[in-house]
Amino acid sequence: MDLAIVDYSMGNMKSVYNAFRYLGAKPTVVKKPSDLKADKIVIPGVGAFGDGAKNLAPFIPQITKAITSRKPVLGICLGMHLFFENSEESPGIRGMGVFRGEVVKIRTRQRLPHIGWNSIKIKKECPLFRGLDGEPMYFVHSYHPLPEEDIIAVTTRYGCEVTAGVCRGGVYGTQFHPEKSGGAGLKLLENFLEL
Amino acid sequence: MFCKRIIPCLDCDLAVPRGRVVKGIEFKQIKYAGVPWKLAKKYYEDGADEIVFLDITASHERRGTMVEVIERTSEDVFVPLTVGGGINTIEDARRVFNAGADKVAINTAAIKNPQLVNKLAKYFGSQACVVAIDAKRRYITSLKEAKGKTVVRTPEGSCWYECSIYGGRRFTGLDAIKWAEEVERRGAGEILLTSMDRDGTTDGYDIQLTKVLSEKVRLPVIASGGCGKPEHIYEVFKKTKVTAALAASIFHYNIFGIGNVKKYLAEKGITVRI
């Protein structure tokens, strides 16, 4: 299995699946933790941090194993939030803790949720975001992670600086939805396939 | 740079196989514009930031057709898809989300059962719950007449705005601006605001309605109803706080392509995704 999309009942996996299919990949949507054995893993997801953490829990041993063996793992939106330790959205609930830091509500005077297209700015070299500096991506969220380590790869502006993407080792995260970001989003998913 | 969104709307008649896109004038006369998923793909390629499908079929036997439309569209259209019309329950919403939709827009169902807004927000997240408001001007001659309503001054006279349901066929007595504030409290993620007075007229958006409502709520508001030329979109972005503009007929009949509209807006200094 080349590419697995983790289906942990947090939103539909179909758009992510369709986007990878469109790019010629053969993704498998994995519903059972024991089936999660791919070379690359994608954790999509929309919804609240607490529900996400609960539903993802059975998959965490396999995901951790993949990370340890340096397989590329991509978290999208909530999927990225779950890499962090905790979230203001669901106090008291633990995330995976792959990255140190907390997910917090965006401190901005702008309207929330932050819904729409916003251009990303590259802060740190990372193969996932190659060729995408300045491209608008589709965001829909009210929370974003504040990492306590130097892993921010791209940011966007929404009345304040917003974490738009992170990477360290083989672990990648995007706050925006590449599967809903037109050609630029497809380019990012292509970059992931090429890792 | 945060971009203003341009959203084409496909009013879908699902009473024929695979459905067809139609456009009414002031919510009535009907013209045909094409196959939904084909038009959606064309708009995506032209630079649409999002696509809205509105099921205007009165009967509920056609739900399966909308699922098919969304499934086919989501195979090669990679921008957010919203489905409105015919969403009355959590199950209805789940069906279109599973087909590949990202958001549902609810109007009649929300007014008849406001708890549905809370439930959609809870189960699928606020971002997936768009409340559509179809607002009609009710002109007044004295303030006493509009007791308890939000009165808006327009060039045509003072009025309040009444919410309509069932695709403009029934009125509710509900103040559109107060209703917007209520759905915000209930957890809606966006408001799709349609002026019934302007819909299908190509006279431009109802600036007064859109301005007042978009200042009363903190949610993103999508302006709808009346767009007849790119200047109307520029005007609504310049004069109100909406973050998106929806239009149908100017795109359907190739009067102005989405790409050209965006180019025009960019030249006028509006930030759009090109």
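Please treat every number below as a calculation from the coordinates, not as lab data. Here the structure is a predicted model, which is why all the values come from computation and not from measurement. Positions of Cβ are backbone-derived with ideal geometry, glycine not excepted, and every protein chain shown enters the neighbour counts.
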Check: List the lysines whose alpha-carbon lies under 20 Å from that of B:K262, not counting same-chain residues fewer than 8 positions away?
Finding: A:K180, B:K4, B:K41, B:K42, B:K229, B:K238, B:K239, B:K241
Check: How many Cβ atoms of partner chains, on average, are near each residue of A:175-182 if near means within 10 Å of its Cβ?
Finding: 4
Note to self: Can you compute log10 of I(q)/I(0) for the range B:5-267 with the Debye formula, treating each Cα as one identical point scatterer, at q = 0.08 Å⁻¹?
What the structure shows: -0.28
Note to self: Can you compute the charge dipole magnitude of the range B:137-228 about its Cα centre, using +1 on each Lys and Arg Cβ and -1 on each Asp and Glu Cβ, nothing else charged? Give it in debye, rounded to the nearest 20.
What the structure shows: 320
Notebook entry, point to check: What residues qualify as long-range amide H neighbours of B:T57, i.e. H under 5 Å apart, gap of 5 or more or another chain, H built at 1.01 Å from N?
Noted result: B:L14
Checklist line | Protection-proxy order for peptides B:38-46, A:81-89, each taking the mean of Cβ atoms within 10 Å per residue, highest first | finding: A:81-89, B:38-46
Check: Per the helix-only calculation at 222 nm, which mean residue ellipticity applies to chain B, given -39500 (n - 2.57) for every DSSP H run of n ≥ 4 and division by its residues, nearest 500 deg cm²/dmol?
Finding: -10000 deg cm²/dmol
Checklist line | Per-residue ³J(HN,Hα) for the range A:48-54, Karplus 6.51 cos²θ - 1.76 cosθ + 1.60, θ = phi - 60°, Hz, x for Gly and Pro | finding: 7, 4, x, 4, x, 4, 5
Check: Rg(Cα) of the range A:63-195 divided by 2.2 N^0.38 Å?
Finding: 0.98
Item checked: Exercise: per-residue mean of other protein chain Cβ atoms within 10 Å, B:79-90 -> 2
Notebook entry, point to check: Among bridges DSSP assigns within the range A:3-194, what percent are antiparallel (round to 5)?
Noted result: 60
Check: So how strong a dipole does the protein assembly as shown carry about its Cα centre when Lys and Arg Cβ are +1 and Asp and Glu Cβ are -1, to the nearest 20 debye?
Finding: 460
Check: Can you give the calculated 222 nm mean residue ellipticity of chain A, where each DSSP H run of n ≥ 4 adds -39,500 (n - 2.57) and the sum is split over every residue, rounded to the nearest 500 deg cm²/dmol?
Finding: -6000 deg cm²/dmol
Notebook entry, point to check: Assigning unit charges at the beta carbon (Lys, Arg +1; Asp, Glu -1) and nothing else, what dipole magnitude in debye, to the nearest 20, does the range A:1-155 show about its Cα centre?
Noted result: 260
Next item on the list: Count the lysine pairs in the range A:1-97 whose Cα atoms sit under 14 Å apart, keeping only pairs 8 or more residues apart in sequence or on different chains.
Entry: 7
Checklist line | Average beta-carbon neighbours from other chains, 10 Å sphere, peptide A:116-126 | finding: 3
Next item on the list: For B:K112, go through the aspartates and glutamates and keep the ones whose alpha-carbon is under 19 Å away, minus same-chain ones fewer than eight residues off.
Entry: B:D55, B:E91, B:D92, B:D134, B:E162, B:D175, B:E181, B:E182, B:E184, B:E190
Checklist line | Most to least packed among B:101-112, B:146-157 [average Cβ atoms within 10 Å] | finding: B:101-112, B:146-157
Check: Order of B:234-240, B:126-132 by packing, highest average Cβ count within 10 Å first?
Finding: B:126-132, B:234-240
